[in-house]
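Notes to accompany the following structure.
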Amino acid sequence: MNIPKTSFPRVVIIGGGFAGVALAKKLAKQEAQVVLLDKHNYHTFQPLLYQVSTGGLEPDSIAYPIRKVLQNFPNFYFRLANVEEIDTENERVITNIGDLDFDYLVVASGSVTNYFGNTEIEKNSMAMKTIPQSLNLRSLILENFEDALLTSDLNERNALMNFVIVGGGPTGVELAGALAEIKKGILPKDYPDLDTRMAQIHIIQSGDRILKGMSENASKKAEDFLEKLGVNIWKNVRVTNYDGETVTTNGELLLNAKTVVWAAGVKGETIKGLNSEDFITRGNRMVVNEFNQVKGFDNIFAVGDVACMKTEDFPHGLPMMAQPAIQQGEQLGDNLIKLVENKPMKPFEYTDKGAMATIGRNKAVVDLKKFKFQGVFAWFVWMFVHLFFLIGFRNRMVVFINWVYNYIRFDREARLIIRPFKNRNIE
Ligand SMILES: Cc1cc2nc3c(=O)[nH]c(=O)nc-3n(C[C@H](O)[C@H](O)[C@H](O)COP(=O)(O)OP(=O)(O)OC[C@H]3O[C@@H](n4cnc5c(N)ncnc54)[C@H](O)[C@@H]3O)c2cc1C
């Protein structure tokens with residue numbers, strides 16, 4: 001990997017997501033050699049992926065080069081590498097570009113879409129976890145409209161214009177809202193010769209309310225917002241299969257659709273060699289202690305989505321969200337320095353800053369610890385928070401200008417089929 005040996009301890013970080021970047025930024029100023037490995041050369045701001053899928057933002061505006069985040073730190077090294085295995089005995093990571101020894105290892109590999117073992121759904125539905133996947137979805141949506149225009153078969157046209165989103169969490173809700181706005185504001189203008197009323201957006205949710213991680217008020221209001229936008233919400237319905245044509249459920253609901261987005265769950269992205277049943281728990285996450293140490297190891301840590309830190313308030317582990325990932329990354333940076341200096345580490349305490357979701361123009365729901373609010377103000381808060389956490393001044397400016405433009409013009413100009421959708425496996 002062409003990384004020099006130094007007198008500093010070597011910390012290898014797998015993953016340049018929220019947790020990995022926060023950790024690297026903390027550590028890079030210290031007396032440690034930091035090596036960050038990621039299979040992409042960019043950090044992805046996943047909360048805005050749905051806007052890429054629906055043509056509201058260009059993909060580049062939510063990605064940021066990892067090398068740029070840390071380019072001013074002499075002890076920092078980035079390598080574009082897929083980590084294939086971890087040899088815990090010899091303290092070495094094995095990657096597609098070679099092997100590397102570590103003194104300390106931090107797994108910050110995030111999560112992947114969880115299909116709960118249904119290979120048919122995995123094969124036929126769309127995921128939205130990475131930028132390439134979002135571009136796939138964007139192309140598929142637009143290609144389906146083009147095809148709908150050409151077919152004279154009414155059933156076929158129906159299926160092409162039916163959008164089924166499985167999962168009523170923030171991702172499903174935000175995507176449904178964006179699709180509903182496309183139907184209302186863009187389709188009639190772009191496709192005047194298509195009966196755009198046929199475009200139907202469905203959310204299928206296995207539980208009795210959408211946004212079940214938020215307050216009941218937020219769920220209710222989000223449901224109202226979506227219904228006003230014309231989204232069909234199916235609650236207490238579980239999708240059992242999708243063969244590429246028909247969505248089947250545990251009830252009577254059957255939907256013919258060419259676009260099914262699976263937003264019903266994620267699971268930890270664990271790595272071979274460090275996936276023992278001793279510490280892998282629910283959701284394929286690695287159980288860690290209050291210092292983010294993986295059970296059974298002193299020098300191997302996990303942070304972010306892949307880590308399962310159980311607390312009194314979160315007995316099944318902290319939520320798989322950006323805030324726990326950032327906070328764990330930062331705290332582990334401080335703790336690793338303490339560890340090197342033989343000082344006691346500080347246990348991690350999660351500061352819950354709340355949750356939010358947007359449904360569309362002027363419509364969002366926000367649950368903070370003390371205040372819960374919905375509507376226009378919530379929407380501004382949602383925008384401000386997302387702009388604040390985006391990495392890079394240029395990205396913030398581009399996203400802000402896009403949002404202002406889209407707001408004034410009721411538009412989403414990135415509705416482009418740059419790369420026709422062919423392969424679901426491009427990640
Ligand atoms: C569509 C969507 C919307 C979301 N919206 C919100 C939201 O509104 N608010 C919120 O708080 N959270 C949201 N989340 C969740 C949030 O994005 C995650 O919790 C967060 O990204 C977790 O951070 P992480 O650092 O653990 O992992 P990630 O950010 O996923 O980063 C993991 C990194 O590891 C790399 N990697 C993985 N495996 C390997 C390997 N073997 N070799 C090399 N590199 C590897 C990946 O390329 C990636 O860069 C959303 C997620 C999605 C998918």
Practice item. Look through region 297-313, keep the residues that are touching an Asp or Glu at 6+ places or on another chain (Cβ under 9 Å) and either open to solvent by less than 20 Å² (accessible area, probe 1.4 Å) or more than 12 Å from the ligand (Cβ to nearest atom) (or both), and return whichever of them is farthest from Lys343 (Cα to Cα). Key: Asp313
Check your understanding: Between residues in region 123-139 that are open to solvent by less than 10 Å² (accessible area, probe 1.4 Å) and residues that are assigned to a strand (DSSP E or B) and away from the ligand (no atom under 12 Å from the Cβ), which pairs lie under 7 Å by C-beta distance while being six or more apart or on different chains?
Key -> Ser125/Tyr242; Ser125/Val260; Met126/Thr259; Met126/Val260
Check your understanding: Here are some conditions: (1) crowded, with 17+ Cβ neighbours inside 10 Å; (2) over 19 Å from Leu390 (Cβ atoms). Glu120 meets all but one. Which one does it not meet?
Key -> (1)
Check your understanding: Checking Ala355 against (1) under 30 Å from Val34 (Cα atoms); (2) within 16 Å of the ligand (Cβ to nearest atom), which single condition isn't satisfied?
Key -> (1)
Check your understanding: Would a scan of region 3-15 turn up a residue that is among the hydroxyl-bearing types (Ser, Thr, Tyr), surrounded by fewer than 22 Cβ atoms within 10 Å (Cβ to Cβ) and touching a Phe, Trp or Tyr at 6+ places or on another chain (Cβ under 7 Å)?
Key -> no
Revision key, fill the gap. Conditions (1) in a loop (DSSP other than H, G, I, E, B); (2) open to solvent by less than 80 Å² (accessible area, probe 1.4 Å) -> Asn241 fails only (1)
Review point. Of these, Ala176, Ala159, which one is touching a strand residue (DSSP E or B) at 6+ places or on another chain (Cβ under 6 Å), within 16 Å of the ligand (Cβ to nearest atom), within 24 Å of Asn118 (Cα to Cα) and of a type in the set (Gly, Ala, Ser)?
Key: Ala176
Study note, to complete from the structure: When Val93 is run through (1) touching a helix residue (DSSP H, G or I) at 6+ places or on another chain (Cβ under 7 Å); (2) within 16 Å of the ligand (Cβ to nearest atom); (3) under 23 Å from Ile337 (Cα atoms), the failure sits at (1)
Point to revise | Close pairs from region 36-55: first within 12 Å of Val21 (Cα to Cα) and hydrophobic (A, V, I, L, M, F, W, C), partner outside any helix (DSSP H, G or I) and within 8 Å of the ligand (Cβ to nearest atom), Cβ under 7 Å, at least 6 apart | key: Leu36/Gly16; Leu37/Ile14; Leu37/Ala81; Leu37/Val83; Leu37/Thr95
Point to revise | So Met286, is it in contact with a helix residue (DSSP H, G or I) (Cβ under 8 Å, 6 or more places away or on another chain), part of a loop (DSSP other than H, G, I, E, B) and closer than 30 Å to Asn118 by Cβ | key: no
Check your understanding: Scanning for something aromatic (Phe, Trp, Tyr), crowded, with 21+ Cβ neighbours inside 10 Å and at pLDDT 95 or above, does region 279-296 turn up at least one residue?
Key -> no
Point to revise | Index of the failed condition, Ala19 passing every other in (1) touching a residue at least 12 places away in the same chain (Cβ under 8 Å); (2) small (Gly, Ala, Ser); (3) more than 13 Å from the ligand (Cβ to nearest atom) | key: (3)
Exercise for review: Could you tell me whether region 225-248 includes any residue that is under 26 Å from Ser134 (Cα atoms), among the aliphatic types (A, V, I, L, M) and under 19 Å from the mean Cα position of the chain (by Cα)?
Suggested key: no
Check your understanding: Across region 40-87, what is the total count of residues that are within 13 Å of the ligand (Cβ to nearest atom) and modelled with pLDDT under 95?
Key -> 1
Revision key, fill the gap. Scanning region 201-222 residue by residue, those in a helix (DSSP H, G or I) and either under 18 Å from Trp382 (Cβ atoms) or small (Gly, Ala, Ser) (or both) turn out to be Asn217, Ala218, Ser219, Lys220, Lys221, Ala222
Exercise for review: Could you check how many residues of region 143-168 are surrounded by fewer than 20 Cβ atoms within 10 Å (Cβ to Cβ) and within 24 Å of Phe45 (Cα to Cα)?
Suggested key: 0
Exercise for review: Kindly check whether there is at least one residue in region 268-278 that is away from the ligand (no atom under 13 Å from the Cβ) and either touching a His at 6+ places or on another chain (Cβ under 8 Å) or not in a loop (DSSP other than H, G, I, E, B) (or both).
Suggested key: no
Exercise for review: For Glu120, state whether it is away from the ligand (no atom under 13 Å from the Cβ), within 27 Å of Gly360 (Cβ to Cβ) and of a type in the set (D, E, K, R).
Suggested key: no
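The values are calculated or read from the model by the stated rules, or taken from the named source; none is laboratory data. These figures come from a predicted structure and were not determined experimentally. Glycine also receives a Cβ, built like all others from the backbone with ideal geometry; neighbour counts cover every protein chain displayed. Accessible surface areas use protein heavy atoms only, side chains included; no ligands, DNA or RNA. Shrake-Rupley method; radii C 1.70, N 1.55, O 1.52, S 1.80 Å.
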